[in-house]
1. Among the listed residues ARG68, ARG78, ARG48, ARG115, identify the single one that is basic (Lys, Arg), crowded, with 19+ Cβ neighbours inside 10 Å and in contact (Cβ under 8 Å) with a residue 12 or more places away in the chain.
2. Name the single residue that is farthest from the chain's Cα centre (by Cα) among those in segment 107-148 being over 22 Å from LEU216 (Cα atoms) and among the charged types (D, E, K, R).
3. Do any strands (runs of 3 or more DSSP E) entirely within segment 137-236 hold 3 or more residues that are surrounded by fewer than 16 Cβ atoms within 10 Å (Cβ to Cβ), and if so, which?
4. Give segment 210-227 a look and list any residue that's in contact with a Leu (Cβ under 9 Å, 6 or more places away or on another chain) and of a type in the set (A, V, I, L, M), or say none.
5. Are there any pairs, at least 6 apart or on different chains, whose C-beta atoms fall under 9 Å, with the first in segment 161-188 and within 20 Å of ALA283 (Cα to Cα) and the second aliphatic (A, V, I, L, M) and assigned to a loop (DSSP other than H, G, I, E, B), and if so, which?
6. Out of curiosity, is THR94 in a loop (DSSP other than H, G, I, E, B), of a type outside the set (D, E, K, R), within 30 Å of LEU247 (Cα to Cα) and assigned by TED's automatic domain parsing to the domain that holds VAL137?
7. Given the conditions (1) exposed (fewer than 15 other Cβ atoms within 10 Å of the Cβ); (2) touching a strand residue (DSSP E or B) at 6+ places or on another chain (Cβ under 8 Å), and given that ALA20 satisfies all but one, which numbered condition is not satisfied?
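The values are calculated or read from the model by the stated rules, or taken from the named source; none is laboratory data. All values derive from a computational prediction rather than experimental measurement. For neighbour counting, all protein chains shown are included, and Cβ atoms are generated from backbone atoms with ideal geometry for every residue, glycine included.
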Amino acid sequence: MAEALTIGALRRQMATTLAAASVETPDLDARLLLAQALGCAPSDLLLRADATVPPEAEAKARAFTERRAGGEPVARIRGRREFWSLDLHLSPETLVPRPDTETLVEAALAALSDRNAPLTILDLGTGTGAILAALLVECPNATGTAVDRSEGAALTARANLALNGLAARAHVVVGDWGTALAGGFDLVVSNPPYITSSAMLELPDEVRLHDPHLALEAGADGLLAYRAIAADLPRLVRPGGIAVLELGAGQEQAVSERVAAAGLEVAGPARRDLAGIPRALVAIRR
C-alpha cells in the first residue's frame, strides 16, 4: 500500500516540477497553488505540512502545477489577485492588477487636499475595478463611476466592488471611455492600454498569451488611448479637479504634451514606480 502523501511532500514535488520548467519562483508558486487547491491560506501550509492531502485536492494541485509549468500565470490559475490589500477576482477580459499600478493610487491620494471630502471619482478602463476600489477605501466619503469597453470586465469590476463592500458607493458602466458621461468629476484616473502594436509581439508569454489584448494594445505609437482621454479631460474634470494617468515606459513627455495641449496643467514630473520608471502623471484643471 502506498504511503499517504503529505502536504509538505506535495509542495516539494510541485516546486521541483516548476523549477524544472524554469519558473522563476518555484517555491512561492507551489505554495500559492497548493493553498488554492486545499482551500486554505498559504500561511497554513507549514502548520499542516504533515497532514495527508485529500485525493481531490491533490488532483487540483497537480493540474495547477501543469498549467503553471506551461506558462500560465499564478494569478490566472488562482483566479484572483491582491491589490492595495484588497482581494480581487479576475476574468479573461481583465488584466492582472500589477504593483506598478499602485503608484497611480499613491499619486492620486497625494494630490488630493482632503481624502474625507465627498469626492466624485471616475475610473476609465477600469478592468477589475482595482484602482477605483483602492481609492474608495482610502476616501470614505467618495463615490465612484467605473467605465470599461468590455462587458465582461465591467461585470468583474462590479463583482469586485461588491466583494469589498463598496457597491453602494460605486457605479459601473460599459462605454467608450467617458463619452457617455456628463463630466464634472473631482478626480479622473486611468490605466489605459499603452503597448505599441510592434511591442505586443515581444511581450512575455505570460502576458501576451493570457492577458486581453484589448486592454494592452494602443496602436503604432502606444498613444491611441491617451489621445482620446486627454481630449476629453477638460469636460470630464471639474475646475480645480485632478486627472492621474498611468504611463508606459518612455511615454511621459508625449502624454504630458497631449494633456497640456488639452488645457490641463501637468503637476510636475510623473511619480516613479519601484523600478524608477515614471509611472503616474498628475494634471490639474485650473
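1. Result of the check over ARG68, ARG78, ARG48, ARG115: ARG68.
2. Residue satisfying both the conditions and the ranking: ASP114.
3. Working: elements: 143-148, 170-174, 185-190.
Strands (runs of 3 or more DSSP E) meeting the threshold: 170-174.
4. ALA215, LEU216, ALA218, ALA225
5. Taking only residues 6 or more apart or on different chains, the pairs are PHE185/LEU119; ASP186/LEU112; ASP186/ALA117; ASP186/LEU119; ASP186/ALA142; LEU187/LEU112; LEU187/LEU119; LEU187/ALA142.
6. Yes.
7. Failed condition: (2).
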